[in-house]
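Colleague: Structure incoming, see below.
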Amino acid sequence: MRRITMPAAALLALAALTACSSGDDSSDKPAAKPKTSATASKSAAAPTATASRPSGIPSPDAAQTAALIRALSAVKSALGADEEKAVSRARNVCLDMQQGKDDATVAANAKARFEGGDAGTLTAEQGEQIAEGVKASFCK
């Protein structure tokens with residue numbers, strides 16, 4: 001029994017060492033790539049520039065955000081209560097506009113995005129007003 005167990009253990013140890021050595025080779029290669037600091041700094045700068053406008057959807061600046069919140073609050077006060085949610089939803093309404101969707105679709109989507117929660121149910125007219133507010137404040 002011992003004669004069979006020893007070779008099997010040796011074979012398993014060899015297999016484990018082989019698996020470890022192939023992992024070490026692959027970890028050495030990626031570590032060598034980041035050493036080029038000029039390339040790393042250029043690639044690090046690129047995501048920062050696009051982080052403010054992900055997916056090509058405009059983001060309102062501070063003044064535009066204030067105008068957006070005023071417009072939404074004029075439709076229904078609860079729509080402007082959570083600024084972060086309002087801006088996120090408004091950016092999606094703007095994307096619909098930029099994609100060339102017709103006014104009725106943009107308004108219906110705006111209504112669907114903003115209704116619920118504290119805002120409750122919205123009318124089709126309120127959906128149109130939301131779309132107009134988004135367009136007037138930052139989505140030009």
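The values are calculated or read from the model by the stated rules, or taken from the named source; none is laboratory data. Predicted model only: the values in this text are computed from it and were never measured. Note that we place each Cβ from the backbone using ideal geometry, even for glycine, and neighbour counts take in every protein chain shown. Only protein heavy atoms, including side chains, enter the accessible area calculation; ligands, DNA and RNA are left aside. Shrake-Rupley method; radii C 1.70, N 1.55, O 1.52, S 1.80 Å.
Colleague: So which residues in the stretch 71-101 are open to solvent by 40 Å² or more (accessible area, probe 1.4 Å) and either touching a residue at least 60 places away in the same chain (Cβ under 8 Å) or in contact with a Leu (Cβ under 8 Å, 6 or more places away or on another chain) (or both), if there are any at all?
Modeller: Ser73, Lys76 - these are the residues of the stretch 71-101 that are open to solvent by 40 Å² or more (accessible area, probe 1.4 Å) and either touching a residue at least 60 places away in the same chain (Cβ under 8 Å) or in contact with a Leu (Cβ under 8 Å, 6 or more places away or on another chain) (or both).
Colleague: Determine which single condition Gly100 fails, assuming it passes every other condition in (1) on the phi > 0 side of the Ramachandran plot; (2) touching a Phe, Trp or Tyr at 6+ places or on another chain (Cβ under 7 Å).
Modeller: Result: Gly100 passes all but (2).
Colleague: Sticking with this one: Taking Thr121, is it part of a helix (DSSP H, G or I) and either among the hydroxyl-bearing types (Ser, Thr, Tyr) or in contact with a strand residue (DSSP E or B) (Cβ under 8 Å, 6 or more places away or on another chain) (or both)? Walk me through it before giving the result.
Modeller: Numbers: part of a helix (DSSP H, G or I): no; either among the hydroxyl-bearing types (Ser, Thr, Tyr) or in contact with a strand residue (DSSP E or B) (Cβ under 8 Å, 6 or more places away or on another chain) (or both): yes.
Spelling it out, it is not the case that Thr121 is part of a helix (DSSP H, G or I) and either among the hydroxyl-bearing types (Ser, Thr, Tyr) or in contact with a strand residue (DSSP E or B) (Cβ under 8 Å, 6 or more places away or on another chain) (or both).
Colleague: Something else: Report, by residue number, each residue of the stretch 85-99 that is over 14 Å from the mean Cα position of the chain (by Cα) and of a type outside the set (A, V, I, L, M). Before the answer, list the steps.
Modeller: Narrowing the stretch 85-99 to residues over 14 Å from the mean Cα position of the chain (by Cα): 86, 90, 93-94, 96-99.
Within the stretch 85-99, Cys94, Asp96, Gln98, Gln99 meet the criteria.
Colleague: Are there any pairs with C-beta distances below 7 angstrom linking a residue in the stretch 102-120 that is surrounded by 12 or more Cβ atoms within 10 Å (Cβ to Cβ) to a residue that is part of a loop (DSSP other than H, G, I, E, B), with the two at least 6 apart or on different chains, and if so which?
Modeller: Lys111/Leu122; Phe114/Leu122; Glu115/Thr121; Glu115/Leu122; Ala119/Lys76
Colleague: Given the conditions (1) over 18 Å from the mean Cα position of the chain (by Cα); (2) in a loop (DSSP other than H, G, I, E, B); (3) at pLDDT 95 or above, and given that Thr105 satisfies all but one, which numbered condition is not satisfied?
Modeller: Every listed condition holds for Thr105 apart from (2).
Colleague: In the stretch 105-140, what residues are among the basic types (Lys, Arg) and closer than 19 Å to Ala62 by Cα? Before you say what the answer is, go through the steps one by one.
Modeller: Taking the stretch 105-140 first, the residues among the basic types (Lys, Arg) are 111, 113, 135, 140.
Answer for the stretch 105-140, where residues must be among the basic types (Lys, Arg) and closer than 19 Å to Ala62 by Cα: Lys135, Lys140.
Colleague: I've got another one for you. Scan the stretch 108-131 residue by residue and report those that are over 25 Å from the mean Cα position of the chain (by Cα) and of a type outside the set (A, V, I, L, M, F, W, C).
Modeller: Filtering the stretch 108-131 down to residues over 25 Å from the mean Cα position of the chain (by Cα) leaves 120-126, 128-129.
Passing the criteria: Gly120, Thr121, Thr123, Glu125, Gln126, Glu128, Gln129.
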